[in-house]
Amino acid sequence: MAEEFFIQGNEACAKGAIAAGCRFFAGYPITPSTEIAETLARELPKVGGSFVQMEDEIGSAGAIIGGSWGGAKSMTATSGPGISLMQENIGYAFMSETPIVIVDVQRGSPSTAQPTMAAQGDMMQARWGSHGDYEPIALSPSSVQEFFDFTIKAFNLAEEYRVPVFVMADEVIGHMREKIVVEDDIEIVARKRPEKSDNYLPFENIENGTTPMPAFGDGFNIHVTGLTHDERGYPDTNNPETHDKLIQRICDKVLNNKDKICSIKSKDCEDADVVVVSYGGPVRSVVEAVAKARADGKKVGYVKIDTPWPFPDEQVKQACANAKDIIVVEMNLGQMYYEVDRACKRDANVHLMGVIGGLLPTPDEILEQIDRIGGN
Amino acid sequence: MSESKQNRFLQYMREDRLPHIFCPGCGNGAIINAFLAAMEKAGMDFDNIAMVSGIGCSSRIPGYLDCDSLHTTHGRALSFATGLKTANKDLDVVVFTGDGDAASIGGNHLIHAARRNINLTVICINNNIYGMTGGQISPTSPKGSFGTTAPYGNQDTPFKLAELVAAAGATYSARWTTVQIENLVLAIKEGLENPGFSFIEVATQCPTYFGRKNKLKTPTAMAAVMKANTVFKSAADRMSARELEGKIVVGEFANTTKDEFTENIDKISVEKSGKKTVINSAYETEL
Amino acid sequence: MRTEIRIGGFGGQGVILAGIILGKSACLFDGKEAVQTQSYGPEARGGASKCEVVISDSEVDYPKVLNPDIFIAMSNEALIKYIVDLKDNGTLIVDPGTTDVEDVREFIDEHNISVYEAPATKTATDEIGLKIVANIVMVGAITKITRVISKEAAIKAIEASVPKGTEEKNIKAFEAGYALVE
């Protein structure tokens, strides 16, 4: 029997984590994500899970990587200042191909800025925050239900591709309460245990994919390092070929599976002159604005990006194929805008509606932009 | 080489990773031997040991040992180890770290891991210098010693790590040197057996960098100075601060019992779910 | 139809819980859609705090309250601070024990606001013997006055939201509030 709850986005995220099989959480209190830690501190012990409040966010990111190699699906949750501190260890997780889930409930930034207000200023940090080349996966929920669903999806993708996955939420979605429906047949991807064999290579060069990952204690005696390593996991730092092969594979396993990972939703785009593109919290305003515009007979549609990373360029391009103008609505001064522009600039004029200050743009504000741009 | 002359600890090594990167005269070899001897003395199952390390010469040790090993980021080994041990409380988790890794960039993790009394055995190899980056001063460099970043002599007061960790709440903390291997073996054995946070600081020689910068060019010279400067804790307790300047105080700084971190988590789990925390749950679909 | 509701009061009065009960009633028991939001940060501690709920027959897209149709004030500070964008012909419900509508008389007249008085704090103290259930008394009054949620749904939502063992007292408080207005 499906169950219904009227809960906060952050609580739904915690519920989703437990449903996905998360049994280890390490975190550090930070507004506006703290309710995720609080909920998991209460709920994890009820399902045999472990909760640790670490000394800082650097330690939190380290602990969940350790937890993951210890055989537990592991997660942390934070906001801008915390995600900044976590970046080095997040890079380590990409390099060591450790499945973890990082939830970022974005707030006004940079620095400590606006702890209780919404923003989407960390999108490029999810993409490029740690040094070097890697391909992250990020999901952006636009409702409490999606915060639940996307947290589960994040765990599944993390296991599927042995990769850190970001859930890029924002203060609006984290703090508001809505109804969620929890189905009783949730699809969960379990970690695959490798077969015991003398030829097992924990970092094998498998095309477009990943080798199954053992837990520490399983008897594989593997070495995991952030240094450039060969397929056995042994450091091989001065060999250009080893580095090239390793990093290419780490990127390709995500890029070559974009059609399976990427997801957008679109409405009324077929005949639209103007398409509004957004993700996360602002989608709520966009949907209402576009419905109002349509009711007034304007040819307007919208695209909602579920997975900002890897950026679904083909899907966005296709949905916007007939548009003359595209408006990207986001709560920063232009981040995903550049991705949309890159994908669509040959066929349409791409405009930015960047809103900072902490409040969702209202549907009327978006309508104004639609009228201004559509009227050109 | 005949069988009988082979080092009996070679069975625990990843032979395919040899030769190692350590310099001639480095203390790391002696410390690996001391660790393996202590592990055998403690009757531990090597297969149940998982090692975690940070960045630095000492942090390369787990890479040469044939067990699960997590070579992590600079200073963060203890946070990774906290996650690993908490996720699988049955593992015996050993951390190899150095003075820069544990006490400088990782200082916060060090005191908090000690405060939690999480059951980890930490071997901190203190050579008073950054070796891997080429001889910069560290938080344990003696006042007045030279490094590439202290060309006019170090002006800072060094940390006393074993004392610091004891004060932070560890249930076992000791300091020995590479010239007191028997004491070191016993201390590591005690640390491995202690069901809580155990910290064994090993004062060691780095002839390549500390020695060269401080007119102690040979390992033997360094060992001689280390021996001459060593004071047992019992004696040190009766000495003045001035008398202790430049001395290496050896002995135990904590040996006590206290609630252990992961056992407390298990206790809450038993209370709330009726069982201890689950292990290897990532591989399950039905939870 | 979209109805925007704002409940204002001072910290500790339980305005957040009152809002959660409205939202829960609507979307778990009345078959409607609802979103609840609240103010965080410095103003949520002491002083005036507010909780907002959007209730609709169809999906709620924009989740925030822009111009409330209904405003419930449980403190005078909240009344003065949060009445400013109440819709023309909107509904104002006040606790006369903790507010003075004369302070906003001009706004009421200018915007043709319907004013209802529900002495929630006095009722909670006198009839239930527990001042802290004033918020639940107010939920009863809101239910009766606005009909934005059904009585049945409200009772179920209260039972599902209040601490175990306090259900009976809270339902009694709700009924007392429901009986306050005709």
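The values are calculated or read from the model by the stated rules, or taken from the named source; none is laboratory data. None of these values were measured; they are calculated from a predicted model. Please note: Cβ atoms are built from the backbone with ideal geometry, for glycine as well, and neighbour counts cover all protein chains shown. Quick note on the areas: whole protein, heavy atoms, side chains included, nothing else; ligands and nucleic acids left out. Shrake-Rupley method; radii C 1.70, N 1.55, O 1.52, S 1.80 Å.
Only residues that are open to solvent by less than 10 Å² (accessible area, probe 1.4 Å) and more than 9 Å from every other protein chain (Cβ to nearest Cβ): list them for segment B:88-102, please.
Across segment B:88-102, the qualifying residues are B:V94, B:V95, B:F96, B:T97, B:G98, B:D99, B:G100, B:D101, B:A102.
Filter segment B:224-281 down to the residues that are open to solvent by 30 Å² or more (accessible area, probe 1.4 Å), more than 14 Å from chain A (Cβ to nearest Cβ) and among the hydroxyl-bearing types (S, T, Y) and list them by number.
Hits for segment B:224-281 are B:S234, B:S240, B:T256, B:T257.
Would you mind telling me which numbered condition in (1) in contact with a strand residue (DSSP E or B) (Cβ under 6 Å, 6 or more places away or on another chain); (2) more than 14 Å from B:A203 (Cα to Cα) B:L161 fails?
(2)
Report whether or not B:G63 is modelled with pLDDT of 95 or more, within 8 Å of another protein chain (Cβ to nearest Cβ), in contact with a Pro (Cβ under 8 Å, 6 or more places away or on another chain) and open to solvent by less than 10 Å² (accessible area, probe 1.4 Å).
So B:G63 fits the description; yes.
Looking only at segment C:125-141, decide whether some residue is of a type in the set (S, T, N, Q) and within 15 Å of C:G19 (Cα to Cα).
Within segment C:125-141, one or more residues are of a type in the set (S, T, N, Q) and within 15 Å of C:G19 (Cα to Cα).
If you take the residues in segment A:341-355 that are crowded, with 18+ Cβ neighbours inside 10 Å and out of contact with any helix residue (DSSP H, G or I) (no Cβ under 6 Å at 6 or more places or on another chain), which one is nearest to the other protein chains (Cβ to nearest Cβ)?
Result: A:V355.
Residues are listed down the side, and each one gets a yes or a no for (1) within 14 Å of chain B (Cβ to nearest Cβ); (2) open to solvent by 30 Å² or more (accessible area, probe 1.4 Å):
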{"residue": "A:E4", "(1), (2)": "no, yes"}
{"residue": "A:I18", "(1), (2)": "yes, yes"}
{"residue": "A:C22", "(1), (2)": "yes, no"}
{"residue": "A:A26", "(1), (2)": "yes, no"}
{"residue": "A:P32", "(1), (2)": "no, no"}
{"residue": "A:V47", "(1), (2)": "yes, yes"}
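List the residue pairs whose Cβ atoms are under 9 Å apart, where the first residue sits in segment A:334-355 and is aromatic (F, W, Y), the second is assigned to a helix (DSSP H, G or I) and open to solvent by 40 Å² or more (accessible area, probe 1.4 Å), and the two are 6 or more positions apart or on different chains.
These pairs meet every condition: A:Y338/A:M124.
Assigned to a strand (DSSP E or B) and in contact with a helix residue (DSSP H, G or I) (Cβ under 7 Å, 6 or more places away or on another chain), is that true of A:G280?
No.
Considering segment A:49-79 alone, what residues qualify as being assigned to a helix (DSSP H, G or I) and either closer than 16 Å to A:V165 by Cα or within 7 Å of chain B (Cβ to nearest Cβ) (or both)?
A:I58, A:G59, A:S60, A:A61, A:G62, A:A63, A:I64, A:I65, A:G66, A:G67, A:S68, A:W69
Applying the selection to segment A:95-116, what residues are under 23 Å from A:I247 (Cβ atoms), part of a loop (DSSP other than H, G, I, E, B) and of a type outside the set (G, A, S)?
Scanning segment A:95-116 gives A:E97, A:T98, A:P99.
A quick yes/no check of all residues on (1) at pLDDT 95 or above; (2) under 24 Å from A:E178 (Cα atoms); (3) not charged (D, E, K, R):
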site: A:F6; (1), (2), (3): yes, yes, yes
site: A:N10; (1), (2), (3): yes, yes, yes
site: A:K15; (1), (2), (3): yes, yes, no
site: A:R23; (1), (2), (3): yes, no, no
site: A:I30; (1), (2), (3): yes, yes, yes
site: A:I36; (1), (2), (3): yes, yes, yes
site: A:T39; (1), (2), (3): yes, yes, yes
site: A:F51; (1), (2), (3): yes, no, yes
site: A:A61; (1), (2), (3): yes, no, yes
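For segment A:339-357, enumerate the residues that are within 24 Å of A:V172 (Cβ to Cβ) and outside any helix (DSSP H, G or I).
Hits for segment A:339-357 are A:H351, A:L352, A:M353, A:G354, A:V355, A:I356, A:G357.
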